[in-house]
Amino acid sequence: MEYNDIICVLLCGGQGKRMRSTDRHKVCFPIAGTPTIVRTVGMLKSVGLRRFLIVVGQMAEQVIATLAQEHPDVAFIYQTAPRGTGHAAACAVEYLKSAGYDGKVMILMGDKIIQPHVVAELIDLHARDCPGLTLTTLPKTTRTTAGRVVIDSAGRTLGIVELADIHRASKTRRSIRLAGRRLSAGQIERSSPTVNASLYLFEADTLYKAIASLTDDNAQGELYLTDTVEHAARTGQKIALMHVDNEEDLMAYNTPEELLSASEVLQQRLDRRRRITAARPKLSRRRFRPAGEWLKMFEQNTPRLRRVMTVIYGPDENLLSERLKAFTGVLKTFIRSHGAERRVVLTRAPGRINLLGRHIDHRGGYVNVMAINHEVIMVAAPREDDTVTMVNQSGREFPRRRFRIGELLRSADWYDWMDFINSATVRQVLEASRGDWSNYARAAMLRLQHACPDHRLAGADFAVTGNIPLGAGLSSSSAMVVGVAEVAVALNGLDITTQQFVDLCGEGEWFVGSRGGSADHAAIRSGERGRIARVGFFPFRIEQTITWPDDLALVIANSGVLAAKSAGARDTYNQRVACYNLAEMILRLRSPILRNIEHLRDVNPETLGVSPAEVYRTLQLLPLKITRRAAASLLKDESNRLEEIFSSHKNIGPYRVRDVAMFGVAECRRSDMYAELLKDKRGREIGTLMRYSHDGDRVVRYSGNGRPRPHVLSYSDARLNRLIADVTSDDPARYVDAALWAQPGRYACSTPEIDLLVDIACSTKGVLGAQLAGAGLGGCAMILCRSDAVGRVMSALRKGYYRPRGLKFDCHLCRPVAGSGPLTI
C-alpha cells in the first residue's frame with residue numbers, strides 16, 4: 001500500500017550538542033551499522049510513504065550527502081537559524097503552502113528509531129477517527145524528560161507542556177494557560193499520564209493555522225512544535241491520541257550513551273529475526289507438470305504412481321483407493337478454475353497425533369508424534385505477482401478467497417515477527433475474519449516473507465481438499481500452514497533447513513492468535529510410514545524413530561466439540577501458556593538453582609543435580625495463583641515481556657502458575673520415558689503414563705452411575721509437603737506414587753465430553769490407556785489398545801457415547817504415514 005496523500009517532514013536542523021561531536025550531525029550517527037536518518041527514511045518507505053521533505057540547518061551538507069546516497073528522491077528545506085522545532089516545521093509549512101498542498105503532513109524528528117507498525121497504526125488511526133491531528137504518546141516514568149500530554153477529566157487533550165516550562169511555573173508559582181484553562185505545575189503533572197513521543201500526523205489546514213499561531217513566550221525562548229497541540233485544542237479541532245506501550249518501539253537519543261542503548265535494542269531485534277534466502281526455483285518435471293497431465297496419471301493409476309503412493313501410505317488397498325480419489329477430485333477442481341495447461345505442484349500435509357508430550361513442546365519437552373492417514377492436499381500454480389487465490393473442493397463450507405502477501409506485511413522491514421502479529425492492523429484484520437480458512441494460508445506466506453526480506457515471494461493459485469476433521473485436535477490448521485509453506489518453498493526456491501521450516505511454520509501459526517509451539521508442524525513435516533518420531537526442541541531435532549508395534553492400535557474418537565483456537569477458546573489456551581511463562585520468570589527470580597534455566601524442561605533432578613524432594617520444594621516458591629497486577633508488581637524488571645505475554649489473550653482471571661507448572665514438569669518426564677517404553681513394547685506402562693497425563697487435563701470424572709463430578713486437583717503447600725515426605729521415605733510404594741512422572745498437575749484443557757470418551761474406553765477390555773488428543777478445549781480422545789480390541793472399543797463408544805447423544809459415529813483407526821512434501825513421480 002502506498003500513501004501518496006501524506007508528506008513526511010523530518011526535522012534535522014539542530015546539530016545535537018549533547019552528542020559531544022564537532023564533526024558529525026546527530027542524525028548521521030550509525031545505529032546497527034546504518035546512519036539513523038537513512039534508517040528512518042527507509043522504514044517510512046517500507047510502510048508505504050513516498051514523499052519526503054527534510055528540514056536541515058547546522059551541518060546541512062553532511063545530512064544531505066548522507067541521505068542522498070541511499071535516498072536520492074527526498075527534498076530538502078533549509079532552516080536559517082536554530083529557533084526550535086516549531087520554527088523548523090514552519091520552514092516546511094512555508095514551502096507546502098506555496099505549493100498549494102492540502103493533504104496530510106506527518107512530522108517527526110530525524111533521530112527517531114521507530115518500528116514500522118507504529119507508523120502504520122498511526123496512519124490507520126488517523127484515517128479511522130478523522131481528527132485534525134493525531135499524536136503519539138509514551139508511558140510517563142520518573143526518568144522521562146519529554147513534554148507532558150495534558151488530559152482533562154473528560155479525557156480531552158488540552159496540550160503539551162515541556163518540562164522546562166513546568167519547572168519555571170513551579171519555581172515562580174505561576175500557572176500555565178492551556179486551552180482556556182489555567183493549571184499549576186502540580187496539576188499538569190497529575191493530569192498527564194503520558195508524554196509526547198514527537199510523532200505527529202496533521203491535516204494540512206490544522207497544521208498551517210497552528211504554526212501561524214506560535215510564539216516564543218516560553219522557558220527556552222523558542223518556537224515549540226508541541227504548542228500546535230494546544231492551538232488545536234483551543235480552536236475545537238479533534239485530537240486523537242495513539243499510545244505506544246513499549247518504549248523500545250519508538251526510541252530517540254540525545255547522548256552517546258542513549259545511542260548505544262538504542263543500538264543494542266535494535267541489534268537484539270535484528271538478531272532474533274530468522275532469515276532465509278531465495279534462489280531461482282528448480283522444479284523438475286517429476287514435480288512440476290500441467291494439471292491435465294497429473295489428472296491423467298491419477299485416473300490411469302500408473303505403476304510409477306502406485307509405487308510412490310505405497311511408499312507414502314502403505315499397501316492397504318482401501319486407503320490407496322480413497323487417496324487416489326481425493327487427488328483426482330482436487331485436480332478437477334483446479335482445472336475448472338484455472339485450466340488443464342497450467343503447470344502445478346501437488347503437495348500433501350497429513351494431520352498428526354502427539355502420542356505423549358502434551359502442551360510442552362514450547363517448554364523444551366519431547367513429543368512423540370505420528371503423522372496420520374488424514375491429510376490436506378493442495379494443487380498450486382505459480383503467479384507473477386504476490387497474489388494468492390484459493391478455491392476449496394468443499395466450496396460451500398470454505399468460500400473462495402484472495403489476498404496479497406504484501407497487503408498486511410507492507411514490507412519485510414518489520415524487525416520482529418512478534419511486533420507484526422501484535423500490531424493493531426493485524427488484530428483488526430483477524431477480528432473481521434476470525435476463523436476464516438484463508439488465515440492459515442496467510443500465516444504461512446507472511447511468516448516466510450518476513451524471513452525472506454530481500455525477495456518478494458511469488459503468489460500462487462491454489463485448489464485445496466482435506467479430510468482431517470476440523471476442531472478435532474488432529475492439527476487440521478497446522479496441516480494447512482505446512483501445506484501452503486511447502487508450496488511457497490517449492491515455487492520460490494527457498495533455501496531452508498528442516499529446522500527452519502518447522503520453526504517458521506510454528507511461529508507463522510501465531511498469526512491466527514494461538515501461541516503454541518512447533519510440535520505439530522514437526523510431526524507433519526517429518527513423519528515416516530509405520531514409525532513414531534521422538535522430537536526434541538531448543539534445538540529442534542528428531543532424536544530417533546521407533547517402529548509402531550503390530551500388536552498395538554490407536555483409535556481416534558471425535559467428541560463432536562470443536563476445538564476452535566481461532567474463535568473463543570484461544571484466550572483459555574494462551575492463558576495456560578502464559579502460566580508457564582510466568583512460572584519460569586518467577587522461578588528464575590526466587591530460586592538460586594534456577595536462575596539460569598532456559599526452559600521448564602530443565603526443572604528435573606538430573607539436570608539440576610538435586611533430589612526429587614528439592615524439585616518439589618522449588619515448586620513451592622510459586623504462588624498457587626497470581627493476578628496480572630500482582631505479576632506486574634513482582635516482576636517489575638520484566639514489564640515489556642509481561643506486556644507481550646498478556647497481549648495474547650483477554651484477562652480471564654488469575655493465573656494458576658503452580659498447578660500448570662507441575663503439569664509441565666511432570667509431562668516432560670513422562671514424554672522422556674515414552675520412546676524407550678514403546679521400543680520395548682511395554683504397552684501397559686505407556687497406558688499408565690497416558691492416564692496420568694489425561695488426569696492433568698481432566699475437568700470431570702464419571703462415577704459408576706454415569707454422573708460427572710468436578711475434577712479439581714491443586715498442589716497446595718500441604719500436598720507438596722506430603723510428596724516430599726513420600727520421596728524421602730524408605731517405603732518403595734510411597735516413593736513410586738510420589739514420583740515426578742506420576743503427578744498429573746492441573747492444565748485443565750479437556751472437556752466433559754472428552755473425559756467421558758476416555759472413561760468409557762478405559763473401562764473396555766484390551767484398552768491400555770486413553771487421553772486427550774491435541775491442544776484440547778474440544779476435539780478428540782485417543783485410545784491405545786491391543787489390536788484385537790479395536791472392535792470392542794468402537795462398539796463401547798458407539799453404545800456409551802454416540803448413540804445416547806444422537807451423534808454420528810466418528811471413530812477412526814489411525815496409521816502412521818509419510819510426512820508432508822510435494823509429490824515427486
- request: Pull up the cross-link candidates among the aspartates and glutamates for K325, meaning alpha carbon to alpha carbon under 12 Å and not fewer than 8 places away within one chain.
  value: E299
- prompt: Can you put D245, D672, D416, D520 in order of accessible area, largest first, using a 1.4 Å probe?
  reply: D245, D672, D520, D416
- request: With runs of 4+ DSSP H residues as the only contributors, calculate the mean residue ellipticity of the chain at 222 nm using -39,500 (n - 2.57) per run, divided by the residue total and rounded to the nearest 500.
  value: -12000 deg cm²/dmol
message: Taking loop as defined by DSSP and a crowding limit of 13 other beta carbons within 10 Å, which trypsin sites (Lys or Arg not before Pro) in the stretch 266-332 fit?
response: R275, K282, R285, R286
- request: At 0.36 nm per residue, minus the direct Cα-Cα distance, what do E247 and A718 gain on full extension? Give it in nm, one decimal, please.
  value: 165.3 nm
- prompt: Using a 1.4 Å probe on the protein chains only, how many percent of the accessible area of the stretch 106-155 belongs to carbon and sulfur?
  reply: 53 percent
Accessible surface of D217 - all protein chains present, 1.4 Å probe, nearest 10 Å²: 130 Å²
- line: So the angle from the long Cα axis of helix 752-762 to the longest Cα principal axis of the chain, reported in degrees to the nearest 10, equals 30 degrees
message: For a quick check of understanding: with a 1.4 angstrom probe and all protein chains in place, what accessible area in square angstrom does R128 have, to the nearest ten?
response: 130 Å²
- request: Return the FRET efficiency for the residue pair D737, N467: r is the Cβ-Cβ distance, R0 is 45 Å, and the value is rounded to the nearest 0.05.
  value: 0.55
- prompt: Which of the pairs K26/K97; K45/K140; K765/K799; K140/K625; K112/K209 have their Cα atoms more than 18 Å apart in this structure?
  reply: K26/K97; K45/K140; K140/K625; K112/K209
query: C91: accessible area at probe 1.4 Å, nearest 10 Å²?
result: 20 Å²
query: With the dipole of the chain worked out from charges on the C-beta (+1 for Lys and Arg, -1 for Asp and Glu) around the Cα centre, which of L624, L259, H455 lies farthest toward the positive end?
result: L624
- prompt: Pairing the Cα long axis of helix 256-272 with the longest principal axis of the chain, what angle in degrees results, from 0 to 90 and rounded to the nearest 10?
  reply: 30 degrees
Cα-projected label distance for R174 with R190, points at 7 Å along beta-carbon direction, nm: 2.3 nm
Degrees, to the nearest 10: 291-300 long Cα axis against longest axis of the chain: 10 degrees
task: With a Förster radius of 60 Å, plug the Cβ-Cβ distance of R128 and T728 into 1/(1 + (r/R0)^6) and report the FRET value to the nearest 0.05.
output: 0.45
statement: In Å³ per residue, the alpha-carbon convex hull of the stretch 184-248 encloses 126 Å³
- prompt: Across the stretch 327-332, in residue order, what do the Karplus-derived ³J(HN,Hα) couplings come to in whole Hz, using 6.51 cos²θ - 1.76 cosθ + 1.60 with θ = phi - 60° and x for Gly and Pro?
  reply: 4, 4, x, 6, 5, 5
message: Can you tell me how the stretch 674-787 classifies by the Cα gyration tensor, rounded, prolate or oblate, using a/c under 1.5 as the rounded cut?
response: oblate
- request: Could you order Y692, Y78, Y366, Y200 so the one with the most accessible surface comes first? Probe is 1.4 Å.
  value: Y78, Y692, Y366, Y200
message: Can you match P(r) over Cα pairs in 10 Å bins from 0, in percent to one of these, (i) 2, 12, 20, 20, 17, 14, 9, 4, 1, 0; (ii) 2, 9, 13, 15, 15, 14, 12, 9, 5, 3, 2, 1, 0, 0, 0; (iii) 2, 13, 23, 25, 20, 11, 4, 1, 0, based on a calculation from the structure here?
response: (i)
task: Report the label-to-label distance for R531 and R798 in nanometres (one decimal), using points 7 Å from each Cα along the Cα→Cβ vector.
output: 3.6 nm
- line: With the 1.4 Å probe rolled over protein heavy atoms, the chain has an accessible area per residue in Å² of 41 Å²
query: Which percent of the accessible heavy-atom area of the stretch 705-762 goes to carbon and sulfur, probe 1.4 angstrom?
result: 53 percent
task: Run the accessible area of the stretch 226-336 with a 1.4 Å probe and give the carbon-and-sulfur part as a rounded percent.
output: 49 percent
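The values are calculated or read from the model by the stated rules, or taken from the named source; none is laboratory data. Just so you know, these numbers come straight off a predicted model, no measurement behind them. When we count neighbours, we look across all protein chains shown, and the Cβ atoms used for this are built from the backbone with ideal geometry, even at glycine. Just so you know, the surface numbers come from the protein's heavy atoms only, side chains and all, with ligands and any DNA or RNA stripped out. Shrake-Rupley method; radii C 1.70, N 1.55, O 1.52, S 1.80 Å.
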